[in-house]
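Reviewing the structure listed below.
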Amino acid sequence: SPKLFIYDLDGVITDTAEFHYLAWKKLADELGIPIDRHFNEQLKGINRMDSLDRILGQATSPIDFSEQEKIGLATRKNGYYLELIEAINPNYILPGIGDFLEANKQSGIKIALGSASKNAARILDKLELTGYFDYIVNAAEITKGKPDPETFTAAADALNIPYSDCVGIEDAAAGVEAVNRAGMFSVGVGDDAHLSHADYLVGNTQELEFQKILDEFENN
Ligand code: G6P
Ligand code: MG
């Protein structure tokens, strides 16, 4: 059986995508750049600076910002985001995830968080889930964001576990690609249109069953 489960945060454990969207939307409005929720799908799993670049790419006439100005814009967005996530509490844990984490813990199989978010530890604390985790990847130390496998390999390396013994759970296309490229077993949460490359796919978090994933891993 696997030795490590690596969880994505946004869209798997809690749904902060809407908060990210509202914060980016506020910044984009200030810059006069049109973005909508449909475009936001492309930002899922993408780190802060890469997200900013994609948003700037939506400008109707190209705007040229220096690296320093871009850092300022990303920091402004994060300020908006931090205000929005103040309200997060354990009620924001996605359906089924509490039981799933509990089953993972009971099995003795290790648990890591592989999120691109620099706010991940703060959010886990607000959800009161920190105690479940053997390791939390520090997004600030990751040089290549998803779809690069680095976020996932960093967790396995830190716990000294071979990649082929790991399961990665993801809701984003870029995240599933990262898990696959790490040589790990990928579990997708979402629809087939975005996540057909997952080794095993469920429609939503409520459909995640711990034993079923262990079986799928063995059959792979
Ligand atoms: C997650 C979200 C992205 C977000 C990224 C960075 O991957 O899905 O939408 O941009 O984390 O989050 P941060 O909190 O560091 O800005
Ligand atoms: Mg996600």
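Residues that are among the hydrophobic types (A, V, I, L, M, F, W, C) and surrounded by fewer than 22 Cβ atoms within 10 Å (Cβ to Cβ) were ranked within the range 158-173; the one that is nearest to residue 117 (Cα to Cα) is 158.
Could you tell me whether residue 80 is of a type outside the set (Asp, Glu), within 16 Å of ligand 1 (Cβ to nearest atom), farther than 24 Å from residue 135 by Cβ and surrounded by 13 or more Cβ atoms within 10 Å (Cβ to Cβ)? For residue 80, the condition - of a type outside the set (Asp, Glu), within 16 Å of ligand 1 (Cβ to nearest atom), farther than 24 Å from residue 135 by Cβ and surrounded by 13 or more Cβ atoms within 10 Å (Cβ to Cβ) - is met. Residues in the range 183-199 that are aliphatic (A, V, I, L, M) and crowded, with 24+ Cβ neighbours inside 10 Å: 184, 187, 189, 198. For the range 106-136, the candidate set comprises residues that are of a type in the set (Val, Ile, Thr) and touching a residue at least 60 places away in the same chain (Cβ under 8 Å); within that set, the residue that is farthest from ligand 1 (Cβ to nearest atom) is 109. Taking the condition assigned to a helix (DSSP H, G or I), over 18 Å from the mean Cα position of the chain (by Cα), touching a residue at least 24 places away in the same chain (Cβ under 8 Å) and under 19 Å from residue 4 (Cα atoms), does residue 103 pass? Yes. When restricted to residues that are in a strand (DSSP E or B), under 21 Å from residue 17 (Cα atoms) and either of a type in the set (Gly, Ala, Ser) or in contact with a helix residue (DSSP H, G or I) (Cβ under 7 Å, 6 or more places away or on another chain) (or both), the range 169-185 contains 1.
Residues in the range 1-22 that are within 16 Å of ligand 2 (Cβ to nearest atom) and assigned to a helix (DSSP H, G or I): 17, 18, 19, 20, 21.
No value in this document is a laboratory result; all are computed from the given coordinates. Since the structure is predicted, the reported quantities are computational estimates derived from the model, not experimental observations. Cβ coordinates were reconstructed from backbone atoms using ideal geometry, including for glycine residues, and neighbour counts include every protein chain displayed.
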